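Step one of this worksheet: look at the structure below.
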Amino acid sequence: MNLAKKTERFELKHQITSFLIIMLLTLLIARFIASVYDPNLIIKGFEIHHFYYGLILLIIISLIMLFEKGEFKINLIITAIAIGLIIDELILVGTEIKEPLKYNSTIYSVIILALAVVLIVEFISYILKNNKNA
């Protein structure tokens with residue numbers, strides 16, 4: 001295998017690892033901040049959760065990646081943060097059940113942890129599959 005292919009595979013592995021680390025750190029930081037202080041804005045009775053912050057970040061970074069010329073190295077970081085924010089509140093915002101499923105409940109923490117583990121396992125599986133094909 002030539003040097004360019006090896007370098008490309010090395011970079012991909014580190015990008016996936018970096019993405020996962022940043023996403024998990026975002027999850028941990030968001031959970032910590034939300035447990036200590038409620039960062040959600042309330043505008044005319046509508047509560048803006050960090051799910052929406054993540055969604056807005058994801059839309060902005062998608063548009064930047066669509067129209068950019070050249071490489072924009074911060075894409076990975078912003079995308080990982082946005083997805084971390086979205087995953088952290090995905091179930092809470094997307095369900096009708098509000099009272100039994102509080103943010104700090106054990107059930108919610110287990111669901112978030114399970115989602116994170118599934119993502120990690122999927123990425124590891126992807127990496128191992130690509131190493132076997134090499």
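Annotation note: Cβ proximity below 7 Å between a residue of the stretch 109-134 that is among the small types (Gly, Ala, Ser) and a residue that is at pLDDT 70 or above (sequence gap 6+ or interchain) occurs for 116/24; 116/27. Applying the condition of being at pLDDT 75 or above and of a type in the set (Gly, Ala, Ser) to the stretch 77-126 and asking which residue is surrounded by the fewest Cβ atoms within 10 Å (Cβ to Cβ) yields 116. What pairs can you find where one residue is in the stretch 5-28 and over 23 Å from residue 85 (Cβ atoms) and part of a helix (DSSP H, G or I), the other is modelled with pLDDT of 85 or more and not aliphatic (A, V, I, L, M), and their Cβ atoms are less than 6 Å apart, with a gap of 6+ or different chains? Listed pairs, sorted by first residue: none to list. If you filter the stretch 58-73 down to residues that are part of a loop (DSSP other than H, G, I, E, B) and either among the polar types (S, T, N, Q) or over 18 Å from residue 23 (Cα atoms) (or both), you find that the one that is modelled with the highest pLDDT is 68.
The values are calculated or read from the model by the stated rules, or taken from the named source; none is laboratory data. Because the structure is a prediction, the values reported are computed rather than measured. Here Cβ is always computed from backbone atoms with ideal geometry, including for glycine, and neighbour counts include all displayed protein chains.
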